[in-house]
Every structure is written in structure tokens, then in C-alpha cells.
1. Please name all residue pairs, on different chains or six or more residues apart, with Cβ atoms under 8 Å, provided the first residue is in the stretch 77-96 and is in contact (Cβ under 8 Å) with a residue 12 or more places away in the chain and over 14 Å from residue 43 (Cβ atoms) and the second residue is more than 8 Å from the ligand (Cβ to nearest atom) and not in a helix (DSSP H, G or I).
2. Quick check: is even one residue across the stretch 102-114 touching a residue at least 24 places away in the same chain (Cβ under 8 Å), more than 13 Å from the ligand (Cβ to nearest atom), surrounded by fewer than 17 Cβ atoms within 10 Å (Cβ to Cβ) and under 22 Å from residue 213 (Cα atoms)?
3. Could you please find all residues in the stretch 27-45 being buried (at least 18 other Cβ atoms within 10 Å of the Cβ) and touching a strand residue (DSSP E or B) at 6+ places or on another chain (Cβ under 7 Å)?
4. Inspect all residues belonging to the stretch 271-288 and state whether any of them is crowded, with 18+ Cβ neighbours inside 10 Å, within 18 Å of residue 114 (Cα to Cα), modelled with pLDDT of 95 or more and touching a strand residue (DSSP E or B) at 6+ places or on another chain (Cβ under 6 Å).
5. Which ones in the stretch 46-66 are exposed (fewer than 15 other Cβ atoms within 10 Å of the Cβ) and near the ligand (Cβ under 10 Å from one of its atoms)?
6. Can you tell me which residue among 99, 146 is surrounded by fewer than 20 Cβ atoms within 10 Å (Cβ to Cβ) and touching a residue at least 24 places away in the same chain (Cβ under 8 Å)?
Ligand SMILES: NC(=O)c1ccc[n+]([C@@H]2O[C@H](COP(=O)([O-])OP(=O)(O)OC[C@H]3O[C@@H](n4cnc5c(N)ncnc54)[C@H](OP(=O)(O)O)[C@@H]3O)[C@@H](O)[C@H]2O)c1
């Protein structure tokens, strides 16, 4: 039975991915700081500790590790945690690769919020990194992934906002709309790339099956905040009557973290499509239908 090890597998993406890989006949282990179940393997990347007994059985390594970027205010300390949880743990994983004697493929998670702030431009993987905090994190994170990729073939996926039925960003967007208090944010014209969780899991299997190498933007589409809010309200059958939430209020409440909802980014998914991947969910309606249509 082929075996996949998911570092950071206890989170949103890891939970879905585990089911996808198990459905495909894989044995799945998760690297976690809090092992509580069968199939969990302990590690503490800060202290550079890892239980090594299963490492020689791993065929595929997927690295999803990272402190959540949206859950807490970006103080200097939090920013350092966001960065080091990704970079230091990936360095540690790279140092453990020689013990994974059966390893054939690696996937490193990264973020699509790595480009310059140039509204209107559609960014491709060939464009340079931006200079804001998230772009700097991604640059260092991807440099750390390269330390693994020097030792084993694989790919880096620049993941966009993941849409899933439960949890994640959609849960936060749904809440005010479901209460009848929804409205677009800022001008509402800012664009955000997104991907359906199933497509992201399919994409990871596709990368593995096709031995993809390189860096790929992972998004099903780009939509404005207004479009996303309107579509969501339509599928939830809730009215939208309030004026837009002014950007300055968001900046006041969220601080620098407000760029997560106010930044304007469009990215291209041509490279992964040209590699042969086809998205099952390429419009917001198809995404929301899969979540909300009564069967
Ligand atoms: N969800 C999205 O919309 C999205 C979009 C773009 C990129 N990404 C990236 O994709 C990756 C997975 O996303 P996700 O939504 O599944 O994240 P998540 O639900 O927050 O889970 C991340 C996992 O990383 C581990 N982790 C967190 N802080 C850590 C630390 N300091 N040291 C070691 N491990 C730590 C946790 O595992 P344990 O607590 O079990 O150790 C956790 O289960 C993240 O790196 C994220 O930045 C996500």
C-alpha cells in the first residue's frame, strides 16, 4: 500500500486530503505536534524532534505546516510565528529527507498572495515576489521547499483561498450573510483568487500521478468581493441590503491583517491547465451549488 505523510495534516486541507488519499488506496500518516489517534506521528519542529519509526515507509510527503494567518492580530511576535512555523519546520523536514529512504515525491504548500500589489494585472508563476509581509513569507517558505526539492522530485502549489463547506474562509463569510447582515467589504471591487477544496485535493493527486515539477498557482477562479458576497447570499437565500463595510473600519479592527480581505489580486491558472489539469469547479455558482444545493 503506498504511504503518504502529511505534515500539518490535522488542519482544514489535511482533513480533506486524508479522505482523498484513503479513497485512492493510500495509507495516510499525519505529522502533528499533538498526536491523539492511530496514524498520527509526533514531531516538534521548533525543537527539531520527530518520531522516526515509520519514515522509511513514506512514499509521498506533503507539507501543509503553518500557523494560521487569519486567526490572530499580526503583532511582531505573531508575524515571527507565521514565518518560522513555515520556514523552520520545512528546514527541519529537509534535514529528515535522507531518513525517508523510500520517498518518491514531495508537495510543498505555498500561498498565491506572493505577488506585487498591482491591481488589474493577472499574475503568473514567472512574476517576481512582492515585498509585503505575506509575499516575504512565501519567498522564504518556497526557498525552504527548494531544500527538499534538491533531494526528491516534487512541486510547490501556491494555494489561493480554499472554499470548503465547513470551516475556513467561507465559514467566516457565511456567518454575517446567514444572519441577514452581510455586505461587501471596502469598495467590493478587490479580486480574490479561490479554489474548491475538492479541486485542491484532486490537484495534489494529479501532481503526484503526473510527477509534476515546478511551482504552480492553485486557483479555480478570481472574483471580486462583491461578486462573491452576492453569489453567496443568493445560494443562502438571504437578502443583501446593508451598505459596504468601509475599509477603514476593517483596518481598525483587523490591523495589518485586513489585507487578507482588502488586497486586490488576480492570478492565472494557465500553467496547471496546460499541464493537463482540469478544474471541476471553475465558477462560484458551481462551488456553492456543490455546498448548498439540497439533494
Ligand atoms: N486554507 C486556505 O485557504 C489556504 C490558502 C492558502 C495557503 N494555505 C496554506 O496551506 C497550509 C494548510 O492550510 P490549512 O487551511 O489546512 O491550515 P490549518 O487548518 O491552519 O492547519 C495547519 C496545520 O499546521 C500545523 N501547525 C500550525 N502551526 C504550527 C507550528 N507552529 N509548528 C508546526 N505545525 C504547525 C497544525 O498541525 P498540528 O497542530 O497538528 O501540529 C495545523 O494542523 C497552510 O500552511 C496555509 O498557510 C491555506
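The values are calculated or read from the model by the stated rules, or taken from the named source; none is laboratory data. A quick note: this is a predicted structure, and the numbers were derived from the prediction, not measured. Please note: Cβ atoms are built from the backbone with ideal geometry, for glycine as well, and neighbour counts cover all protein chains shown.
1. If the second residue must be more than 8 Å from the ligand (Cβ to nearest atom) and not in a helix (DSSP H, G or I), the pairs left are 82/74.
2. Looking through the stretch 102-114, at least one residue is touching a residue at least 24 places away in the same chain (Cβ under 8 Å), more than 13 Å from the ligand (Cβ to nearest atom), surrounded by fewer than 17 Cβ atoms within 10 Å (Cβ to Cβ) and under 22 Å from residue 213 (Cα atoms).
3. From the stretch 27-45, those buried (at least 18 other Cβ atoms within 10 Å of the Cβ) are 28-32, 41, 43, 45; that's our starting set.
If the condition is that a residue be buried (at least 18 other Cβ atoms within 10 Å of the Cβ) and touching a strand residue (DSSP E or B) at 6+ places or on another chain (Cβ under 7 Å), then 28, 29, 30, 31, 32, 41, 43 are the ones that fit.
4. Taking every residue of the stretch 271-288 in turn, at least one turns out to be crowded, with 18+ Cβ neighbours inside 10 Å, within 18 Å of residue 114 (Cα to Cα), modelled with pLDDT of 95 or more and touching a strand residue (DSSP E or B) at 6+ places or on another chain (Cβ under 6 Å).
5. Answer for the stretch 46-66, where residues must be exposed (fewer than 15 other Cβ atoms within 10 Å of the Cβ) and near the ligand (Cβ under 10 Å from one of its atoms): just 46.
6. When all the criteria are applied, what remains is 99.
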